[in-house]
Amino acid sequence: MTLTGRFRASPDFHPFSLIYPVPDSALSDHYIATPEALAALLSRIPAGPGVRCAIDTEADSLHSYKEKLCLIQLACGEEKVIIDPLSIPDLSPLVQWLQEVEIWMHGADFDMTLMRRTFDVIPERIFDTQTAARLCGEKQFGLACLVESGFGVALSKQSQRADWGKRPLSEKMIEYALNDVHYILELADRFVARLRNLGREEWFLESCRDARETVLNRPAADPDEQWRISGSGKLRACGMNYLRALWQWRDVEALRLDRPAFKVTGNVDLLNWAESLENGGDADLHARFPPPFHRRFHKAVRDAREAEHSTWPQRPQRFRYDRNPEAERRFEALKEKRDHLGRELDIDPSLIGSRASLEAICFQPDRVEELFLNWQRQVLGI
């Protein structure tokens with residue numbers, strides 16, 4: 001696979017200053033909120049393997065219990081638009097169009113995950129400017145950093161934590177959303193040229209294919225194990241029993257409020273309560289919670305206290321390699337080689353191979369092809 005030719009974003013683009021849902025003709029050119037407007041857009045823009053576009057998405061994960069796709073930003077040729085998935089019941093024509101073109105994103109893992117969850121599909125040709133930047137040796141590879149260093153433009157972060165599920169969108173939110181795709185194709189051109197000069201274009205293409213496959217094959221979280229939050233490993237079985245009950249209480253309250261769980265109470269609170277209860281202490285909610293919350297909270301604690309010991313969760317068995325001094329020496333030598341190559345190539349050594357993958361192949365050499373891409377194996381000489 002090779003990347004298509006150069007595309008230049010329109011230099012005179014300025015985010016428009018109208019606010020949805022005013023039915024103004026200038027706004028309707030940029031804000032796609034009906035099936036008819038989407039059909040008109042898809043009839044205007046080209047399709048096929050030679051077409052490139054920039055895509056970004058916005059979700060409401062900071063404001064709703066169940067995250068949903070709230071916005072799709074698209075730049076293709078002279079078109080820069082916002083597509084509203086909350087207003088268009090059938091986005092299959094857009095999904096079909098995306099399957100036919102070359103898509104550029106920045107930090108694509110989140111967007112691909114959202115696409116898979118929403119559409120049950122991920123378009124085949126997705127390329128990530130963040131991956132390109134890292135393989136070119138960029139140390140600051142966030143979109144805002146790259147735009148500021150490459151174009152001298154400081155992107156506003158004011159709407160970064162906005163509630164994208166609310167309507168109407170403000171002027172600042174629209175400007176923020178459109179700017180997220182305005183510079184991506186120009187960045188893509190610059191980084192592809194650098195990758196070719198460095199002889200790393202194939203590294204990039206293979207890494208993007210692997211990133212897509214990773215998202216496609218990522219298993220869903222086990223709902224019975226989600227309570228095992230960071231820090232839970234320090235608890236004994238009794239404490240884990242309380243933690244599980246408190247996590248389930250919080251999850252029900254979050255669903256009731258349609259809010260993210262962390263907005264009910266944080267993981268640190270859950271851990272502190274579980275540890276206190278484990279050691280014979282008490283647990284109580286903050287005074288800001290109304291009485292019904294307190295009643296349900298204390299019921300969860302009582303139910304956990306009365307639960308049979310046989311139902312208490314246990315620590316998961318952690319996989320550990322058998323003691324093997326020779327494999328350990330191979331690992332240290334390979335890690336040192338990887339770090340040296342990272343300095344030599346001026347890239348993050350973890351791009352060449354993660355510590356866990358290096359350790360795995362030193363103890364299980366037959367896993368090399370499973371854990372390393374072709375370009376990584378060539379660089380490491382394994």
Filter result for LEU42 (at pLDDT below 95 and either surrounded by fewer than 21 Cβ atoms within 10 Å (Cβ to Cβ) or in the same structural domain as ARG117 (by TED's automatic domain parsing) (or both)):
no
Does any residue of the stretch 338-347 turn out to be more than 25 Å from TYR65 (Cβ to Cβ), surrounded by 12 or more Cβ atoms within 10 Å (Cβ to Cβ), of a type in the set (Val, Ile, Thr) and under 30 Å from the mean Cα position of the chain (by Cα)?
yes
Starting from the stretch 198-212, keep only residues that are in contact (Cβ under 8 Å) with a residue 12 or more places away in the chain, then list their pairs with residues that are assigned to a helix (DSSP H, G or I) and surrounded by fewer than 16 Cβ atoms within 10 Å (Cβ to Cβ) whose Cβ atoms are within a distance under 7 Å, requiring at least 6 positions of separation or different chains.
GLU206/ASN374
If only one of ALA307, ALA356, ALA300, ALA327 is small (Gly, Ala, Ser), out of contact with any Phe, Trp or Tyr (no Cβ under 9 Å at 6 or more places or on another chain) and farther than 30 Å from ALA132 by Cα, which one is it?
ALA307
Matching entry among ALA237, ALA220, ALA274 (being surrounded by 15 or more Cβ atoms within 10 Å (Cβ to Cβ) and among the aliphatic types (A, V, I, L, M)):
ALA274
Would you pick out the residues in the stretch 260-287 that are farther than 14 Å from ALA304 by Cβ and either touching a strand residue (DSSP E or B) at 6+ places or on another chain (Cβ under 7 Å) or polar (S, T, N, Q) (or both)?
THR265, ASN267, ASN272, ASN279
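Looking at PHE119, is it touching a helix residue (DSSP H, G or I) at 6+ places or on another chain (Cβ under 9 Å), at pLDDT 95 or above and farther than 17 Å from ILE83 by Cβ?
no
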Restricting attention to the stretch 142-173, report how many residues are closer than 30 Å to ASN197 by Cα, surrounded by 19 or more Cβ atoms within 10 Å (Cβ to Cβ) and within 17 Å of the chain's Cα centre (by Cα).
1
Every residue from the stretch 251-267 that is in a helix (DSSP H, G or I) and under 24 Å from the mean Cα position of the chain (by Cα):
ASP251, ALA254, LEU255, ALA261, PHE262, LYS263, ASN267
Mind counting the residues in the stretch 99-110 that are buried (at least 17 other Cβ atoms within 10 Å of the Cβ) and closer than 18 Å to PHE191 by Cβ?
6
Quick check on this structure: which one of ASP109, ASP128, ASP90, ASP120 is of a type outside the set (A, V, I, L, M, F, W, C) and in contact with a His (Cβ under 9 Å, 6 or more places away or on another chain)?
ASP128
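Residues are listed down the side, and each one gets a yes or a no for (1) at pLDDT 95 or above; (2) in the same structural domain as LEU198 (by TED's automatic domain parsing); (3) within 20 Å of TRP203 (Cβ to Cβ):
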residue	(1), (2), (3)
ASN267	yes, no, no
ASN272	yes, no, no
ALA287	no, no, no
ALA307	yes, no, no
PHE319	no, no, no
ARG329	yes, no, no
VAL368	yes, no, yes
LEU371	yes, no, yes
GLN376	yes, no, yes
Of all residues being part of a helix (DSSP H, G or I) and among the acidic types (Asp, Glu) in the stretch 284-314, which is surrounded by the fewest Cβ atoms within 10 Å (Cβ to Cβ)? Just the residue, please.
GLU306
Just to confirm my filter: which helices (runs of 4 or more DSSP H) fall fully inside the stretch 90-208 and include at least 3 residues that are assigned by TED's automatic domain parsing to the domain that holds GLY77, out of contact with any strand residue (DSSP E or B) (no Cβ under 8 Å at 6 or more places or on another chain) and among the small types (Gly, Ala, Ser)?
143-151
Of all residues in the stretch 64-89 being assigned to a loop (DSSP other than H, G, I, E, B) and polar (S, T, N, Q), the one that is nearest to VAL252 (Cα to Cα)
SER64
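The values are calculated or read from the model by the stated rules, or taken from the named source; none is laboratory data. Computed from a prediction, not measured in an experiment: that's the story for all the values here. Methodologically, a virtual Cβ is constructed for each residue, glycine included, from the backbone with ideal geometry; neighbour enumeration extends over all protein chains shown.
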